[in-house]
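First up is the structure itself, then whatever we jot down about it.
Nothing in this text is a laboratory measurement; each read-out follows from the coordinates by a stated rule. The structure displayed is predicted, hence computed values, not measured ones. Cβ coordinates were reconstructed from backbone atoms using ideal geometry, including for glycine residues, and neighbour counts include every protein chain displayed.
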Amino acid sequence: MEETSVLIFLSLVMLIGSYLAGSIPLVMSLSESKIQLFSVFGAGLLVGTALAVIIPEGIRSLFPDGGAKSTTTHEDLEDLYSLIGVSLVLGFVVMLLIDQCSTSRSRGDLEHGVGGAGGGRITATLGLVVHAAVDGVALGAAATTTHTDVEMIVFVAIMLHKAPAAFGLVTFLMHEGVDRKRIRRHLLIFSLAAPLLSLVTYFGIGKEGKETLSSVNATGIAMLFSAGTFLYVATVHVLPELTARVGGAFRMNQLFVLVLGAMLPLILTMGHHH
C-alpha cells in the first residue's frame with residue numbers, strides 16, 4: 001500500500017510541476033521578439049534534456065548495477081548494449097511514422113480547403129505527449145520493481161526534462177500563433193500523459209508481469225525509447241521551424257540563448273550521481 005501511495009504522490013507532483021512550468025510563458029507579458037527568444041531557448045532545452053538527461057538516465061536504468069549482476073556472460077552484456085540503439089531508433093521511427101500520418105492528414109485538409117498549417121504544431125504536441133506517456137510507463141514499471149531507489153531516480157530524471165519540455169512546447173506554440181486557450185489544452189494533455197500512464201502501467205500489470213518487467217530492465221528501455229521520440233520532435237520539427245522563422249540563421253543573441261538552453265540540463269545534472 002505504501003508503494004502505491006508513493007506512486008500516486010509522485011504522479012500528482014509530476015502533473016502539477018509540468019503544468020506550472022509550462023504556464024510560465026503564458027503568465028508573462030512578452031513582446032514578439034521575446035517570445036521568439038524564449039522559443040529558441042525552449043528548443044535548446046529540448047535538445048539538451050534528450051542528450052544530457054534522458055539518454056544517460058535510460059542507460060543507467062538499463063545497467064542499474066553497472067552490468068555486474070544483471071549479466072553473467074559477455075554475450076548477455078552485448079545484448080544489453082544493443083538494446084540502447086534499438087530503443088532509441090524505435091522511438092525515432094515511431095515518431096517519424098506518426099508525423100507522416102499527421103502530415104498526410106494535414107495535406108488532405110489543405111486540398112479540401114481546410115487550414116492545414118497546424119501540422120507542425122500537432123506533431124510537436126503529439127510527439128511530446130507520446131514521449132511523456134512513455135515516461136509514465138517507465139515510472140510505472142520502476143514502481144512495480146519495488147526498488148524505491150530506482151523509482152526515485154526515474155522520477156527525478158523525468159521531472160528534470162518534463163519541466164523544460166513543457167516550457168519548450170508552450171513557447172513553440174506561442175511562436176506559432178496558437179491562441180492561449182488552445183495552448184493550455186495542449187499543455188494539460190501533455191502534463192496528464194505521464195501521470196496517467198504511470199498509474200495505468202502500475203495497476204495494469206499482474207505479479208508475473210512485474211517480475212518480467214524487472215528482469216528485462218523495462219524502465220531503461222522505456223526511457224531510451226522516449227529519448228528517441230524526444231530527439232525527433234526537437235531536431236525534425238522544433239529547431240528547423242524556428243530556423244525558418246528567423247530567416248535561416250540565428251542572430252548572435254539567439255544563438256547564445258540556444259546554446260545556453262542546450263547546456264542548462266547538463267549543468268543541472270552535474271554531480272547528480274546515483
Which order, highest average first, do 55-62, 249-256 follow once you tally other Cβ atoms within 10 Å for each residue and take the mean per peptide? 55-62, 249-256
Distance in nm between label sites at residue 246 and residue 268, each 7 Å beyond Cα in the beta-carbon direction? 2.1 nm
Report the full-extension gain for the segment residue 5 to residue 73: residue separation times 0.36 nm, less the Cα-Cα distance, to one decimal in nm. 20.7 nm
If amide H atoms are built 1.01 Å from N in the plane of the peptide, which residues on other chains or at least 5 residues away come under 5 Å of the amide H of residue 246? none
